[in-house]
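Scroll down for the structure; my scribbles are underneath it.
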Amino acid sequence: MNIKKVIGIQWSAICKKDTRAMYRMLLITYCVSLLFSCTTQDQMYKESRVLMDTFCTITVVSPSKEKARTAIDAGYEEIGKLDRYLNNFSPDSEISAVSREAGIKPVRVSMETMDLMQKTLGISHITNGAFDPTIAPVLKLWKFSGRPADPSLPSDDAIKNALKLVDFNKIQLTSASSAIYLKDAGMELDLGGIAKGYAADRAVEAIKAKGIKAALVAIAGDIRGYGVSAGGNAWKVGIQDPRPEHTNSDKPWEDIFASVQLKDSAISTAGDYQRFFMKDGKRYHHIIDPLTGYPSDSGLISVSVIAPEGYMADGIDTAILILGAEKGMKLLESKGIDGILVTSDKKILVTEKMKGNMEVLKKEYKMAGTRSGS
């Protein structure tokens, strides 16, 4: 299989925009089965755009270019709408409005934002707060956006004070009026750890509504696929190497350490390599532990979760990177979903079902064992 041939166009588009950092947030997708198993009536159509501050690709299988165009546009319209609602960097977004009115009054929001908040709180509860959407005050202290060349660390006192504003239990949802209220002044929402997975879910539903029988939506490292090729084969997805030998390689296909098959499900990957800086030989990354206010130090460097829906995979992978391998595997088992966990010494832990559903492509990564999963 010539991976270079399959992903070459997508990589070329990224290079033209000089956004290698965006690529490093991607799970590289290569649709092997669909590419070679479509009927003569169906063809694969793909388009990439930049939305939600990252690189997105929608791939559909369609009998005509016109039908594909309608479906792809519908998918991107849904992603764009959610970007406007959920972007905490935009003062005009619904999420920003909720944060501005913290401790003052509830804010009426769209059906989509309310739906996501309900799902988000569900993830917060099952992860015992490891995933907390009120982490924004602490995250801001770390300044991962616009990080200076010579970074300084936030003080312990600043982190301690910001942590007082982190508590998902102080989010009040009123379904009847579709309103969200943060109970304490100074609280803020950041849905960056779950919004992309949710957007992929919504895009898939919009594409299905246009009569498309198979599609793959990739928003950075959050991927949702449905349908199979005429031959009955699943989509094949590559997982980013968290410790590539050449970090500025112009050969992205060499930065995949494993591949998995995706069938009517979603996959999301969180890692300590996506946004980080080095100081005094230590890596500081953007996944903050809500208990400590510091980047998680669980011994995991990459977590991929395979779940029925994108929002679930997106939220849980972040939580597991914080919880660590033992608690993370127990969480996966309890919820009947699958995962691939990579430790700092390049050992791979997987749920039982993943044993026959993944291929390790780099010899330096070794399987550490399996657990019972879904």
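Could you give the length gained by full extension between Glu352 and Lys282, i.e. 0.36 nm per residue of separation minus their alpha carbon distance, to one decimal place?
The span from Glu352 to Lys282 would gain 21.8 nm if fully extended.
For Asn161 and Lys327, calculate 0.36 nm times their separation in residues minus their Cα-Cα distance, and state this gained length in nm to one decimal.
Difference between extended and current length: 57.0 nm.
Mean separation of Cα pairs under 8 Å and 6+ residues apart, divided by the residue count of segment 94-182: what relative contact order is that in percent?
Here the relative contact order equals 46 percent.
Using +1 at the C-beta of Lys and Arg and -1 at the C-beta of Asp and Glu, which of His125, Phe144, Leu165 has the Cα lying farthest in the positive direction of the dipole of segment 94-182?
Checked the options; the winner is Leu165.
What is the gain in length, in nm to one decimal, between Glu359 and Lys335 on full extension, counting 0.36 nm per residue of separation less the C-alpha to C-alpha distance?
Numbers: separation 24, 0.36 × 24 = 8.64 nm, distance 2.37 nm.
Here the segment from Glu359 to Lys335 would lengthen by 6.3 nm.
Give the dimensionless ratio obtained when the Cα radius of gyration of segment 94-182 is divided by 2.2 N^0.38 Å.
Scaled against compact globular proteins, the figure is 1.22.
What is the local net charge at Lys183, summed over the other residues whose Cβ is closer than 14 Å to its Cβ (Lys, Arg +1; Asp, Glu -1)?
After counting each charged neighbour, the total is -1.
For the residue pair Thr174 and Ser48, what label-to-label distance in nm results when each label sits 7 Å from Cα along the Cα-to-beta-carbon direction?
4.5
List the pairs from Lys81/Lys213; Lys81/Lys346; Lys65/Lys236; Lys279/Lys330; Lys46/Lys330; Lys119/Lys140 whose alpha-carbon separation is above 30 Å, in the order I gave them.
Checking Cα-Cα distances, Lys81/Lys346; Lys279/Lys330; Lys46/Lys330 exceed 30 Å.
Laboratory data are not the source of any read-out in this text; all were calculated from the coordinates shown. Everything numeric in this text was worked out from a predicted model, so none of it was measured. Backbone-built Cβ (ideal geometry, glycine too); neighbour counts: all protein chains shown.
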